[in-house]
Amino acid sequence: MTYKFTTFVDALEFGLDAWYVSHFNEERNRRKLDPETMAKFIRDVDGWANMFFCTDSQQAMDDINYETLEVAGDKNEN
């Protein structure tokens, strides 16, 4: 089965809206979020996502520096 990328983006937006309501107890304004709020969303989603993937995926997600969005110590470089 093939999905369009827009399906993925729509699912993320739906998840963000649900997270925002549960976190702030109000509907999310459709403007861009400030970096601090977005970092909280990524942190919370990362924790839940680890429940659904293997330990290798968890380690890969743990290696992400969420301030720079770079992977610490990229093991694939030669």
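Which condition from (1) part of a helix (DSSP H, G or I); (2) modelled with pLDDT of 85 or more is the one that GLU26 breaks?
(1)
Give me a count of the residues in region 19-50 that are more than 27 Å from ASP63 (Cβ to Cβ) and free of Cβ contacts under 8 Å to residues at least 12 places away in the same chain.
9
Out of VAL45, VAL71, which single residue is aliphatic (A, V, I, L, M), touching a helix residue (DSSP H, G or I) at 6+ places or on another chain (Cβ under 9 Å) and either at pLDDT below 75 or surrounded by fewer than 10 Cβ atoms within 10 Å (Cβ to Cβ) (or both)?
Details: VAL45 fails: either at pLDDT below 75 or surrounded by fewer than 10 Cβ atoms within 10 Å (Cβ to Cβ) (or both).
Answer to the selection: VAL71.
Condition check: out of contact with any Pro (no Cβ under 7 Å at 6 or more places or on another chain), modelled with pLDDT under 85, of a type in the set (A, V, I, L, M, F, W, C) and surrounded by 10 or more Cβ atoms within 10 Å (Cβ to Cβ). Does ALA18 satisfy that?
On the way: out of contact with any Pro (no Cβ under 7 Å at 6 or more places or on another chain): yes; modelled with pLDDT under 85: no; of a type in the set (A, V, I, L, M, F, W, C): yes; surrounded by 10 or more Cβ atoms within 10 Å (Cβ to Cβ): yes.
No.
The values are calculated or read from the model by the stated rules, or taken from the named source; none is laboratory data. From a predicted model like this one, the values you see are computed outputs, not experimental measurements. All Cβ positions, even for glycine, are placed from backbone atoms using ideal geometry, and neighbour counts span all protein chains on display.
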